[in-house]
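Participant: Quick one: the structure is below, questions incoming.
The values are calculated or read from the model by the stated rules, or taken from the named source; none is laboratory data. Predicted model only: the values in this text are computed from it and were never measured. Using ideal geometry, Cβ is built from the backbone for each residue, glycine included, and neighbour counts are taken over all protein chains shown. For the accessible areas, the whole protein counts, side chains as well, though only heavy atoms, and no ligand, DNA or RNA atoms are used. Shrake-Rupley method; radii C 1.70, N 1.55, O 1.52, S 1.80 Å.
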Amino acid sequence: MKDTFSILILDDVQDNIYSLELLIEDLDINVHSALTANDAINTLMKEDIDLILCDIQMPDVDGFQFVEYIKKIDKLKDIPVIFITGIYDKDFYQKKGYDLGAIEYISKPIDDVLLTSKLKAYIELFNKNKQIKSSLEKANKLAVHNTKMASIGEMIGVISHQLKQPLNVLSIYCDDIKFAYTFNELNDEVINDFSENTKKQIHYMRDTIDGFLNFFKEDKHKNSFEIKKVIEKTKELLIPQIEMNQVEIETQILSNYTLNGIEMELSQVLINLITNSIQAFIEKDIKERNIEIISFTKNEKNYLVISDNAGGIEESNLEKIFDPYYTTKEDGTGIGLYMVKLVIKNSFNANLKIENSKNGVRFVIQF
């Protein structure tokens, strides 16, 4: 930030410049001078000038024309101008000067006390403005820091939420291998299944972490993939939870359309929605647990619909369900559906709608 108030004196007579410099030499300011409008423009473009003292009667370009010109330049248009002249002291010319945006119009011979008093007032305003800017900069730095810390905390919460699912599945696989050992059923087939399935979950966690690291990058690499492939992979990842909780998932691939984006991000969306349904089945003690996933094309738009028979959501909560940190669960974070909305909107430029169906809730994604 600039520390010292700077003035530019524009006058085609060098003696007049010297006289003004003598009048204001006791003030703590930087003084620049120019004999022509062109020289003045060059100085204004190179230096940070806070005030212009400008003569009016000059050859080639007079003071009025000069001010009219700089008011059209974004960098210069807000610099205050004081006209100082011994010629145009009539009301008509003063009005013209003020109409052009001049803040003062001082006639010669110059009252040195009046001039220095006015300059001191502008310098005081400059210093106060400098203090305000300094305070704002400090406040902005603090706000940026706090925002970064909040973003980090939010991202940790999101990653934690996304990793709970594969960790739960890994826990189930560990229990299975323990039971197999206890009942003397541990054989090559059980070990191979355990190795294959746990690696899938570990790879999913790795891809999830990598996905979050790349989520906010504008240049992240996207690929074309079939919707059917994502649905099948997601169901495969969730097999332990689906079987343990006795959930039936029916898929109807009425249209196997192709999307452009990141396959893992859409898989995370499906995992969030399916897991929410499973949790709703458990909380409401639903006996027959059905989830339906349908993909179809209508009116040149592609749709993915995920619905369940878990009883639906209270109408008063439907509009809030995608808000960050809003949750109806006792141990919920309110992050899962918020991330679902972000991914659908930002990564796939798609629309997401939630509605209650006859027996449960329905999520409709329109690509």
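Participant: Among the residues of the stretch 18-36, which ones are under 44 Å from the mean Cα position of the chain (by Cα) and modelled with pLDDT of 90 or more? Steps first, answer last, please.
Facilitator: Taking the stretch 18-36 as the starting set, the residues that turn out to be under 44 Å from the mean Cα position of the chain (by Cα) are 28-32.
Selection gives Val31, His32.
Participant: Here's another thing I want to ask about it. With the checklist (1) exposed (fewer than 15 other Cβ atoms within 10 Å of the Cβ); (2) of a type in the set (S, T, N, Q); (3) modelled with pLDDT of 75 or more; (4) assigned to a helix (DSSP H, G or I) in hand, flag the one item Asn197 doesn't pass.
Facilitator: (1)
Participant: Of all residues in the stretch 258-267, count the ones that are open to solvent by 10 Å² or more (accessible area, probe 1.4 Å), under 18 Å from Asn351 (Cβ atoms) and assigned to a helix (DSSP H, G or I).
Facilitator: Looking only at that region, the number is 0.
Participant: Checking Asp111 against (1) at pLDDT below 90; (2) open to solvent by 60 Å² or more (accessible area, probe 1.4 Å); (3) under 24 Å from Lys130 (Cα atoms): exactly one of these is not met. Which one?
Facilitator: (3)
Participant: Picking from His161, His145, which residue would you name as being of a type outside the set (Lys, Arg), out of contact with any Phe, Trp or Tyr (no Cβ under 8 Å at 6 or more places or on another chain), at pLDDT below 65 and surrounded by 13 or more Cβ atoms within 10 Å (Cβ to Cβ)? Write out each step before concluding.
Facilitator: Working: His145 fails: surrounded by 13 or more Cβ atoms within 10 Å (Cβ to Cβ).
Only one candidate qualifies: His161.
Participant: Take the stretch 28-52 and flag every residue that is surrounded by fewer than 19 Cβ atoms within 10 Å (Cβ to Cβ) and either touching a Lys or Arg at 6+ places or on another chain (Cβ under 6 Å) or under 15 Å from Leu100 (Cβ atoms) (or both).
Facilitator: Asp48
Participant: Okay, next question. Go through (1) over 32 Å from the mean Cα position of the chain (by Cα); (2) assigned to a helix (DSSP H, G or I); (3) crowded, with 18+ Cβ neighbours inside 10 Å one by one and return the number of the condition Ile282 breaks.
Facilitator: Exception for Ile282: condition (3).
Participant: Moving on. Before we move on, is Asp55 at pLDDT below 90 and either crowded, with 19+ Cβ neighbours inside 10 Å or touching a Cys at 6+ places or on another chain (Cβ under 6 Å) (or both)?
Facilitator: Numbers: at pLDDT below 90: yes; either crowded, with 19+ Cβ neighbours inside 10 Å or touching a Cys at 6+ places or on another chain (Cβ under 6 Å) (or both): yes.
Spelling it out, Asp55 is indeed at pLDDT below 90 and either crowded, with 19+ Cβ neighbours inside 10 Å or touching a Cys at 6+ places or on another chain (Cβ under 6 Å) (or both).
Participant: On the given criteria, is Val247 more than 16 Å from Ala350 (Cβ to Cβ) and surrounded by 18 or more Cβ atoms within 10 Å (Cβ to Cβ)? Break it down stepwise before answering.
Facilitator: On the way: more than 16 Å from Ala350 (Cβ to Cβ): yes; surrounded by 18 or more Cβ atoms within 10 Å (Cβ to Cβ): yes.
The answer is yes for Val247.
Participant: So, one more: Quick one: count up the residues across the stretch 227-252 that are closer than 19 Å to Phe296 by Cβ and either without any contact (Cβ under 8 Å) to a residue 60 or more places away in the chain or out of contact with any Leu (no Cβ under 8 Å at 6 or more places or on another chain) (or both). Step through it out loud before you land on a result.
Facilitator: Initially, the stretch 227-252 is screened for residues closer than 19 Å to Phe296 by Cβ, giving 227-232, 234-235, 249-252.
Filter once more, so that each one left must be either without any contact (Cβ under 8 Å) to a residue 60 or more places away in the chain or out of contact with any Leu (no Cβ under 8 Å at 6 or more places or on another chain) (or both): 228-230, 232, 234-235, 249-252.
The total comes to 10.
Participant: Can I ask one more? Select, from Ser224, Ser255, Ser295, the only residue that is on the phi < 0 side of the Ramachandran plot, surrounded by fewer than 20 Cβ atoms within 10 Å (Cβ to Cβ) and touching a residue at least 40 places away in the same chain (Cβ under 8 Å). Before the answer, list the steps.
Facilitator: Working: Ser224 fails: touching a residue at least 40 places away in the same chain (Cβ under 8 Å); Ser295 fails: surrounded by fewer than 20 Cβ atoms within 10 Å (Cβ to Cβ).
Ser255 is the lone residue from the list that is on the phi < 0 side of the Ramachandran plot, surrounded by fewer than 20 Cβ atoms within 10 Å (Cβ to Cβ) and touching a residue at least 40 places away in the same chain (Cβ under 8 Å).
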